[in-house]
Every structure is written in C-alpha cells, then in structure tokens.
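Here's the structure we're looking at; comments come further down.
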C-alpha cells in the first residue's frame, strides 16, 4: 500500500479543521479478546472537503465513522470535531455536539413513517437547545426541503415518496440545523444507479457551497464522486489521496473554496 | 391503534369500576346520611321487649306495654331529656268530599315536633291540652295534603278519619324518603284520640306504643340512655338478675353503623379497582417494552440527531402517561354512563364526587409514570450505535 498521503503532523490538532484526529485508537473488549478496531489513526478534514472513507467490512471503517459522528469516544488519542475535544465530553454533551455540528444520512433513510416530510426535516430542531431555532422550525425545514428540490412534497409521508426523494428528505433533515459536517453512511446503498448519481451530485453541490461531506462506502463508483479518498484496512489508514475527480478539479484549477485541500 | 385500545383496556376497566363503585357506594352512604338527619339526631326510641312467662319467651312487644306514666317518669325523672312523646300507629282511610287516601295515622304527643325536629309549614300543631283531651284534630303530612287537597289549603278543613270528623290544624314540612318509605305519607293526631278512636284493643288504658325521647345535645346520650334504662327497670320492677323487657334504640347510631359498613364495602371495592389498575399498568408496561423494541432504530436516529437520554426518557414517559390518561378518560365516561344506568334502572341513589374524578385521573396518570418508567429508561439507555444497527 502507498504511504498515507499528506499525513498531518503528529502533534496538536490542526486549528480550523472540521475534523482533526491524532493517534486515535479504539479497542473493544470481547470476552477475553481485545479487538483493535482502530490503531493510531491521524488525519484532518478541512471545511468544504468531500471525503470518501472506504474499506472492507471489519476494517475499522464503521468505528471511524462512529467516532467522527460523535456517537462514540476513542480509547486513546485526540479527536476534535469543530474544535471540541470529543474525549472529554459526557453523553449529553455528545448529543448536543451531534445536534449542532453533525448531519447524519443513512442507507435506510431512517425517516419517521406516518410523519410528513416537513416534520421529518424539523425533527433535529426539536432537540436544539436554541429556542430561536425551534421557533423558526417550519421556516428552516421548508427552506431546506426547497434546497433539495422537494418544495412541493412537504406534506407527503415517506411511503408516498420514491427512494431518492426519501434520501433527499433525509439530507434536508441533516442540513436543517446548519451543521459543520454531513456524515453519510452508504447513502446510495438502497438506491438504483441513476438515483445514486442524483444524490452524489447533490452532495457535490453542497460541498461546492462550503459544506463538508464525509461519505462512508464500499463502492468504488460512489467513492469516485468524492475528491479525497481515505482507505482503511486493519484499523489503519492505508491510503489518503485525491480521487481522479479531485485531481481533475485540481489540474483544471477551477475556482474552489480556499479551505479545500487535496492530499 | 387497536393495540393501544386493547392495552388501555385494563386502565379503562379499572377507572370505570372505581367510578361505578364509588358512585354507588357514596350514593348509598349519602342516602343513609340523609335518613339520619331526617330522623333527627340525639333521639332514642323505647319499646316493649319480649316477656318471659313461665320459661316461655314471648315475641317482640309481648312484654307489658309502655304507658303515659312511664313517659312522665322518663321526661321528669331523667336529666338530659329535652322532650318526649308517645307514639301509637294505625292505618286509616282519610276522606274529604270525593277524595280519599289510605295512610298511616300516628297518635303522638304535642312534643313530637321537637323530638323529631319536624315542624309545620302551614297552620299549627296541636298543643298539650288538645293532645291530652282527645280532641279530634289532625296534622297532615305533605303527601297526604297533596293527595287530598292538591293545591288547595287544608288548614281549617274537616276530614273524616275512620268516619269520625277531624279538623285539620296544619301541614307538616316535607321530609322525603327514609328506608324506602315515604315519611310524608302520614297523618298525626293526638295520642289520646288515636287510643280511643283508631286503635283497637289495648293492653293498658293509657298505653303508648313506643316512647320517643329527644336528648339534650349538651348531655352525653349514652349516659342519658343508661338513666332511662334505670328508671324503667325500677318502674317495671325488674330484678337485678333479670334482663330488660324493653328495648332502647338509638336509630342514628344504628344507621351510622350501617354507614360505616357501606364505607368499608366501598373501600373493599376500591381496593379491587386498584388491583385492576395495577394489572392495567402491567399491560401498559408490556406494550411500552414492545414499542421500545420495535422502535429501536427510531430511538437510535433520534439520539444520532441530538436527543439526549433525558429527551428519550421524557418522550416515552409522555407516551405512557398519555396512553393511560386516554384510557382513564374513556374509563371515566364509561363508569359515569354505567352508574347513571344503574341509578336509572335500579333506582339506586348515585353520587359521583368531583374528588373521585380527580383521583381517578391522577391514578391513571400515576400508573403511566410508574409503569412507563422502566420501558422509558430502557429506551433512554440504548446505545445509539447499536440502536441504529438494529434490524
């Protein structure tokens, strides 16, 4: 395997990075055995990046995603999300961090059945500690639904929407609280290839307007839409490079957000 | 939906039974209380008991009758007796013009007004002189006055009781039902008149059927009762080793005992209802546990997008409480309906107290909190990663 490209300095977390990981390890105790899911992983993700994390099952990919998503804390090492050190947070603080900072998109959409698209999108705001945002819930949710092109489907329940439309509702839900990061776990796994393309294009448009998107997938075709690829194997990052897409963009030097980096 | 209704059935039945039981129970005790106050408090009734003649125990009332002399001895010889009256009852047909009405005729003394706390609303009661002299005067109960005179004024009219003319002096205040009998269906005449004209064959020329005594509330009724017993034993020459051949009864106390029995029964039924609430609560807990399992992914999602454990706890606790409250309200409606029907069909007195309604609502909400807590805590403690992965 190639050496991790552009490995960050192994000292302090990078200031200004959306995600900054230093020597992350995660060990699970399964009976007598210690399972080393992550071994000394370090990387930075800057604002506006479109990163795909790839790896076979059992590679530690899911563990890494759970850490980035503030669903779990590392066994050792430093992880900061939007400047907040995750290791020092308790459960409630993690929940608040997820609410403010991270928008999740899942393979199975995870929309509430029997609940309208608008109310599904509004859901994260009901857990917001900011009363002003709660008060503007309808307005914000309607805005995000329009942004993903579903302004005319607000009152539809999930069963009345196609798979691609449901995933767009889920993306609007991820965006509604203006997060720093969208974390998408196999977002096209349940969609046909044409619809997958639509969704990936939507993600790309979001990164072009400054949103950071981290995509976890095992499909190379899907990963190819990102601009940077992190490959994980046996708990280590074995590859960190720009994708063909990313290289192409870099070589034609189209105007891009200054914070975007490419390996 | 159907599942929720079935789940709350326990609560519905529990609350409905609490309402029905308490409505019927407190209706009964309210009726008893009304009877107590209509009979008059601090009142003792004395009547002859059974006689023992040569080893043969006679029936009730077979002992020598009470007489006017006994009455005077009790009224004048016992401190704490405010008023006393004899009472001799018979039945008679009362006629005026074309109208006639069969009713109970009570021969009483003039002090009966005080003894029974029962006054006239029209005209006047007969006085002591009239009561002693056998005057042919009568005071009508409300029902009799209505039956014979309708809206007309009976005072001053002459009615025929068992073919003898009686002048109507007054009409008694309405008293209502007691023990299933209309107390207002009565005509009162002087006891001396009753003795000579209405009641045949007496054991003694100055017999009184029973003796009604009003005890001054400033005195202890039990002590006064003991004094009366002593006086009567002396007068009737009952040896120290013999039983009384008369009976002194405190009706209010008797009814009070019945009231307590009714309340005990009510408590017992309330306990049964409480058990059914607990059973209902277990049903709620069961369905909530199933619901938490079924909605594991939803819980994981909510946690992922920022719900704290406390938010999830609150959500499921609220659902459990709402489920129970809806069940409670349905039960309340059902219970009120059934009570109303029972009251209507069996003409049983019914009383739903606002306190019981509040208690029922509070109880069903508490059931929600208590039995919703375990499932809600289980939901709140889920690990979001595991929950999201749950199939």
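The values are calculated or read from the model by the stated rules, or taken from the named source; none is laboratory data. In this text the structure is predicted, and so the values were computed from the model without any measurement. Here the Cβ positions follow ideal geometry from the backbone for every residue, glycine too, while neighbour counts run over all protein chains shown.
Count of the range B:326-349 residues, restricted to those that are crowded, with 21+ Cβ neighbours inside 10 Å and either modelled with pLDDT of 90 or more or outside the structural domain of residue B:280 (by TED's automatic domain parsing) (or both), is 5.
For the range B:170-186, the set of residues classified as in a strand (DSSP E or B) and modelled with pLDDT under 80 consists of B:177, B:178, B:181, listed by residue number. Quickly run through the range B:293-308 and pick out the residues that are part of a loop (DSSP other than H, G, I, E, B) and more than 8 Å from every other protein chain (Cβ to nearest Cβ). Answer for the range B:293-308, where residues must be part of a loop (DSSP other than H, G, I, E, B) and more than 8 Å from every other protein chain (Cβ to nearest Cβ): just B:295. Residue A:128 meets all of the listed conditions (1) within 9 Å of chain B (Cβ to nearest Cβ); (2) under 19 Å from the mean Cα position of the chain (by Cα) but one, namely (2). Would you confirm, using the coordinates I've provided, whether residue B:277 is in contact with a helix residue (DSSP H, G or I) (Cβ under 7 Å, 6 or more places away or on another chain) and surrounded by fewer than 17 Cβ atoms within 10 Å (Cβ to Cβ)? Here the answer is no, as residue B:277 does not meet what is asked. Among the residues here, residue B:380 qualifies as within 14 Å of chain A (Cβ to nearest Cβ) and surrounded by 21 or more Cβ atoms within 10 Å (Cβ to Cβ).
Among the residues of the range B:253-274, write down those that are closer than 30 Å to residue B:217 by Cα and surrounded by 17 or more Cβ atoms within 10 Å (Cβ to Cβ).
B:255, B:259, B:262
Checked against the criterion of being surrounded by 14 or more Cβ atoms within 10 Å (Cβ to Cβ), more than 10 Å from every other protein chain (Cβ to nearest Cβ) and within 23 Å of residue A:200 (Cβ to Cβ), the candidates A:154, A:65, A:54 yield just one match: A:54.
The residues on offer are B:303, B:288, and the sole one that is assigned by TED's automatic domain parsing to the domain that holds residue B:365 and closer than 16 Å to residue B:10 by Cβ is B:288. Residues in the range B:141-169 that are part of a strand (DSSP E or B) and without any contact (Cβ under 8 Å) to a residue 60 or more places away in the chain were compared, and the one that is surrounded by the fewest Cβ atoms within 10 Å (Cβ to Cβ) is B:165. Could you grab me the full set of residues in the range B:206-216 that are surrounded by fewer than 18 Cβ atoms within 10 Å (Cβ to Cβ) and at pLDDT 85 or above? Across the range B:206-216, the qualifying residue is only B:216. Count of the range A:85-115 residues, restricted to those that are more than 13 Å from chain B (Cβ to nearest Cβ) and crowded, with 18+ Cβ neighbours inside 10 Å, is 1.
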